[in-house]
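For reference, the structure discussed in these notes is given below.
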Amino acid sequence: MSEEKLAKLTIDSDVETRKGVHADVVLMVEKDGSVRMDFISTDITEDDGNLRGALTSRVYMSKNDLRSLRDTIDAALRRRPDAGKEER
């Protein structure tokens with residue numbers, strides 16, 4: 001019988017990274033069992049009125065990790081169904 005070991009994880013980041021970034025759009029591409037998510041901010045308005053997007057973050061995840069993220073988000077939304085709703 002194998003014994004599981006717990007790993008210690010230390011995460012470092014600078015102040016700017018901890019503030020986070022805003023994204024309006026997430027584009028997802030699946031290839032070879034991995035999923036790439038591009039988070040894009042579209043708050044740049046061109047002179048002609050069209051929007052221009054800027055890539056704010058790119059994340060690679062396995063499909064299993066993406067399922068785990070989905071389940072975690074679903075559980076959080078079930079606990080607080082009205083959290084994050086914008087006022088109209």
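Below are the figures for this structure:
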read-out: Matching residues, segment 1-27, being out of contact with any Asp or Glu (no Cβ under 8 Å at 6 or more places or on another chain) and assigned to a strand (DSSP E or B); value: V25
read-out: Members of segment 4-42 that are small (G, A, S) and closer than 17 Å to L66 by Cβ; value: A23, G33, S34
read-out: Boolean, G53 is out of contact with any helix residue (DSSP H, G or I) (no Cβ under 8 Å at 6 or more places or on another chain) and not in a loop (DSSP other than H, G, I, E, B); value: yes
read-out: Which listed residue is surrounded by 12 or more Cβ atoms within 10 Å (Cβ to Cβ), over 14 Å from the mean Cα position of the chain (by Cα) and farther than 18 Å from Y60 by Cβ, from T10, T42; value: T42
read-out: Answer from A54, A75, A23 - the residue that is without any contact (Cβ under 8 Å) to a residue 24 or more places away in the chain, on the phi < 0 side of the Ramachandran plot, surrounded by 10 or more Cβ atoms within 10 Å (Cβ to Cβ) and not polar (S, T, N, Q); value: A54
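Only the coordinates and a few stated rules stand behind these numbers; no lab work does. These figures come from a predicted structure and were not determined experimentally. Neighbour counts are summed over all protein chains in view; Cβ atoms, including those assigned to glycine, are modelled from backbone coordinates with ideal geometry.
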